[in-house]
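Notes follow the structure.
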Amino acid sequence: EAQVTQNPRYLITVTGKKLTVTCSQNMNHEYMSWYRQDPGLGLRQIYYSMNVEVTDKGDVPEGYKVSRKEKRNFPLILESPSPNQTSLYFCASSLNSAHSNEKLFFGSGTQLSVL
Amino acid sequence: GDSVTQMEGPVTLSEEAFLTINCTYTATGYPSLFWYVQYPGEGLQLLLKATKADDKGSNKGFEATYRKETTSFHLEKGSVQVSDSAVYFCALNSGAGSYQLTFGKGTKLSVIP
């Protein structure tokens, strides 16, 4: 089944404790992206990747890191989480980076709480 | 920069009522326009799209027409069902050399029996 898989689904952590949210897609998609969703703010892009070893900042990259060593995986790393990073996170992928009318496939989300 | 403005929610309708969710956009060039839907506890999924002016996207009884003259892409459905209760996001991709979707803030729809 074609899908984008995120883990974990829920995560509670404390300020300053490094964490990684994993994202994997099985569709051989070129493009992958991370969003955070906050009430009243909608979805905001954190980072995106056009292909292996090609990543770039989105609208709200501060406090996050990403890597794209393999085509299927795009982990989101919080080196020193803070309470303002409490949010619902979504990973998404798309087949072709160059086509503006491609649809995004979304994971089921990761609800992160930083205490 | 690109932006998408959606009508504020939440919207509450009775079953079989007519639905309109307004969406207007600002973008350079000729963007592609999308509506995504998020059901409770799930990720977003594409509902419909339109890639050029006057195109009409449609799916599951929902429709939206790409109006370049009014920079709008309003979502409509003639008769909503309880199962349509969800958050709806309007989005655009300006296609200016890279693939980046800009989302509106979302409109929560609740349909009551």
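Values as computed for the structure displayed
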item	result
For the stretch A:11-111: rounded, prolate or oblate by the Cα gyration tensor [a/c cutoff 1.5]	prolate
Positive minus negative residues near A:N28 (Lys, Arg vs Asp, Glu; Cβ under 15 Å)	-1
Heavy-atom accessible surface of chain A: percent carbon and sulfur, 1.4 Å	50
³J(HN,Hα) computed for each position of the stretch B:100-113 - Karplus, 6.51 cos²θ - 1.76 cosθ + 1.60, integer Hz, glycine/proline x	9, 8, 10, 9, x, 7, x, 10, 7, 10, 10, 10, 9, x
Threshold 50 Å² - residues in the stretch A:43-86 whose accessible area is reduced by that much or more when the chain is no longer isolated, probe 1.4 Å	A:L43
Neighbourhood net charge (10 Å Cβ-Cβ; Lys/Arg +1, Asp/Glu -1) for B:L109	+1
Extension gain (nm, one decimal) between A:E79 and A:A2, 0.36 nm per residue minus Cα-Cα	24.7 nm
P(r) tail fraction, the protein assembly as shown - alpha-carbon pairs more than 28 Å apart, %	30
Between B and A, accessible area buried - total, square angstrom, nearest 100, 1.4 angstrom probe	1700
Square roots of 5 times each gyration tensor eigenvalue, C-alpha, the stretch B:58-113, largest first, Å	25, 14, 9
Per residue accessible area in Å² of chain A, where ligands, DNA and RNA are left out and the probe is 1.4 Å	47
Rule-of-thumb Rg ratio for the stretch B:1-91 [Cα; 2.2 N^0.38 Å; N residues]	1.06
13 Å beta-carbon shell around A:K18, net charge (K/R +1, D/E -1)	+1
Antiparallel %, DSSP beta bridges [both residues in chain A], to 5	90
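The values are calculated or read from the model by the stated rules, or taken from the named source; none is laboratory data. No experiment lies behind these values; they were computed from the predicted model shown. With ideal geometry, Cβ positions are generated from the backbone for all residues, glycine too; neighbour counts draw on all protein chains shown. Protein only, heavy atoms only, side chains kept; ligands, DNA and RNA dropped before computing areas. Shrake-Rupley method; radii C 1.70, N 1.55, O 1.52, S 1.80 Å.
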